Amino acid sequence: MYESSYNITMTSIRKLIPGILIPIIITMFFSCGLDDFKLKELANPIDIIPEYYAPLAYGTFKIKDMITANISDATPIPVVGIYLDPFVMGKTNVTFSSVAIDSVYLINHFTNNTPVNMDFSYYFYDSSTGFTIGKTFLSGTIRPGVQDTLIQFNLGRADQNIILQSSDIIMRFKMSNPGVNPLLYSNVKNATFSIKIAFYSPVMLWKLK
Amino acid sequence: MKSKKGLTSILFAIIFLIGSERLFSQPNTLYFMKGIPQTKDVNPARAGITDGFYFSMPLFSKIDLSANTNNWSYSDLIHRGTFNPLSNTINNNFQTSDSLYIDLDKFRSSLGSKNFIYEAAALTILEGGYKKGGNFYAVSITEREFADLFFQKNLINLIQFGNYPYVGQTFYSGNFGFNIQHYREFTFNYSRDLTKKITVGGAAKILFGMGALHTNGINFKVASPVFGDYLDVATSGKVNISAPIDLNYTSKGMVTSVNSLPNYSVRDYLTNLRNPGIAFDMGFSYQINKKTELSGSIIDLGMIGWHSNVTRLSEKGDILYRGVNLNDPSQTASFQFQPLVTQIKDSINKIFRPDTTGTSFSTLLPTKIYFGIDYQLSDVVSLSGLGRLRIIGNTAHTSLTAAANAYLFNGLSLSASYSLMESTFDNVGLGIGVKVKLVQIYAAADNLFSPFYPSKARNMNLRIGINFIFGDKTETKTRGSLNPNCHCPL
């Protein structure tokens, strides 16, 4: 009696289990979402734009070291200013451009420990033509005593192309009388100023292929 | 004839499942299943048969597949959606989706501070066991492989936002790395009913490592002051490799390429006996009273020593990068970037050059600790609770499982379970074992639904096996009555 009911039940189970399992498996195969694994349909990650930062250069300069011309100590510093010797940074074989970078932000922190106003500019020079190319980036006036003031330049795609074409990057400093009292070269020649140059740039990773 | 047809259907189903890529250990659900000899794999004191002997299907004795994360899924990182350029966000609405997107915002929000993805697979080639009286013996040969990738959320922050937001502070990557091991396991099980209430069991495992890649403490930090005057970059970490590969280096010690060893065949790999290891399993079960049983086990307490084809890379470097010093060249008025860039590259290469040795190393197995309680509700149904602690590297991962188990009609073992695993709450599992005459087919998984939505799954595991059981008198000896010392069918 017990054995026969057992056999009936086992027979039912044998039918039931495949009857349940197979439809479940078929359903699983035809319904489950494997769509997300079709990586060929992956769009460019245009919203992922990390910003990278790195220091580029730094220096502390004494004014007299930046003037090679003979200037007497009694020479007054005019309000219109005197240019110091340009700082020429040869960039032969060094490229700055990347297709993944649309903008580069040149970050300058300037400390003016001189009694004069200071300003600086960047421009680009092509030694093959002997001309400067592209636009000049001007800092504006930096008053005496200012510490670590931030001056930021945005170098767009066009500026980057200019850099690419140029042979040298030229940085030029200028000192000028703040205009309150007369100032002589002897008052400023041993004074120092410093600059820290860094860059940060949003990088479109999806363009790095 | 009918039973043959039924078995064929089940076999077809199982092979179909295995053939798919969608099933991905040793499910907790298996622990309390009745009448399955392989419950000894999760507690060697639980033999699963009361008498007689069994062997498993040669080459296909049992298969374990598992994959799990700490509560993040593939679809958190990659999913369908529509990009909204105005808000610079990805619309997660499936109805309007047009493409697959990498969604780092969603991915980061689903991550914890420490994250991992773990995968394991095992194939038992041969297994057999014998129980006579209170003694149970079993042997098996299993190929095992496991891999885990671990990282901290900070690393994803750096990938998504870059280092600019960290100017003025110190960025710590936290430890990250990747481990993978493949080894062969020869297991010898023994359990004994010490008294009518207490059973103890153990397994000695002789291991032979085939290949391993093991990383240890890889991390880096980037510090910079408020005005970003410098970047202080420090890295450290170790990579141990035992595999038939050849690393090529530059004259400065940087790894440039990885090639397979010439004249090293698959056979050489599979018959490599130079990486021996040993592991132990221990377990007990204690019948508190006629209805309640306590049990516990420690599984895979052991290690492998890796001696063949070893490459060990060790890195500890620090560089303070300030950029170019404009002062010196200004005196000559002919500053050139190129030599300075080369100089910086050289100094970075020199500092971040890993030391390489070929000395042996050892790795631990991912040890599991189980503690369970089983309450016999009726002659055929029991309720149980199980806690599992899994130790991978230096991290412990916990899971809790509640299950209802039944053994019906002298051949059908069923378990339904619910588990909390790695902060996931949607783990409804099922274990099923069907024995028809001598043949037993069983399967268990802790999350039934994962295979239906693999991209959203956080836990996937499956155990499938086929046994041939002879002379087990379980059915006639204990049908309908509670055997207080039996961890097998009622």
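Each of A:Gln147 and B:Asn327 was given a label point 7 Å from its Cα along the Cα-to-Cβ line. The distance between the two points is 1.9 nm. Once you have a ≥ b ≥ c as the square roots of the Cα gyration tensor eigenvalues for region B:356-466, tell me rounded if a/c is under 1.5, and otherwise prolate or oblate according to whether a/b is larger than b/c. Here region B:356-466 falls in the prolate category.
Considering only alpha-carbon pairs that sit under 8 angstrom and 6 or more positions apart, the relative contact order computed for region A:74-174 is 44 percent.
Roughly speaking, what is the stretch gain from B:Thr271 to B:Arg192, that is 0.36 nm per residue apart minus the C-alpha to C-alpha distance, in nm to one decimal?
On the way: separation 79, 0.36 × 79 = 28.44 nm, distance 3.40 nm.
This chain segment gains 25.0 nm when fully extended.
Applying 0.36 nm per residue to the separation of B:Met282 and B:Lys345 and subtracting their alpha-carbon distance, the gain on full extension is 17.2 nm. Once a ≥ b ≥ c are taken as the square roots of the eigenvalues of the Cα gyration tensor of region A:88-209, is the result rounded (a/c under 1.5), prolate (a/b larger than b/c) or oblate (a/b not larger than b/c)? The shape class here is prolate.
Rounded, prolate or oblate: which one fits region B:365-424, using the alpha carbon gyration tensor with axes a ≥ b ≥ c (rounded when a/c is under 1.5, else prolate when a/b beats b/c, else oblate)? Judged from the Cα gyration tensor, region B:365-424 comes out prolate (a/c at least 1.5, a/b above b/c).
For region B:178-295, dividing the convex hull volume of the Cα atoms by the residue count gives 192 Å³ per residue.
For a paramagnetic label modelled on A:Asp73 (point 7 Å from Cα along Cα→Cβ), amide N atoms under 20 Å away belong, within region A:167-197, to A:182-192. Using the Cβ-Cβ distance between A:Glu51 and B:Asn135 with R0 set to 45 Å, the FRET efficiency from 1/(1 + (r/R0)^6) comes to roughly 0.10.
With R₀ fixed at 56 Å, the C-beta to C-beta distance from B:Asn263 to B:Ile373 puts the FRET efficiency at about 0.50. Partner aspartates and glutamates whose Cα lies under 20 Å from the Cα of B:Lys290, excluding those fewer than 8 positions away in the same chain, are identified as B:Asp193, B:Asp374, B:Asp379, B:Glu475.
Readers should treat all values here as calculations from the given coordinates under stated rules, not as data from a laboratory. These figures come from a predicted structure and were not determined experimentally. Because the Cβ atoms are built from the backbone with ideal geometry, glycine has one as well, and the counts that use them run over all protein chains shown.
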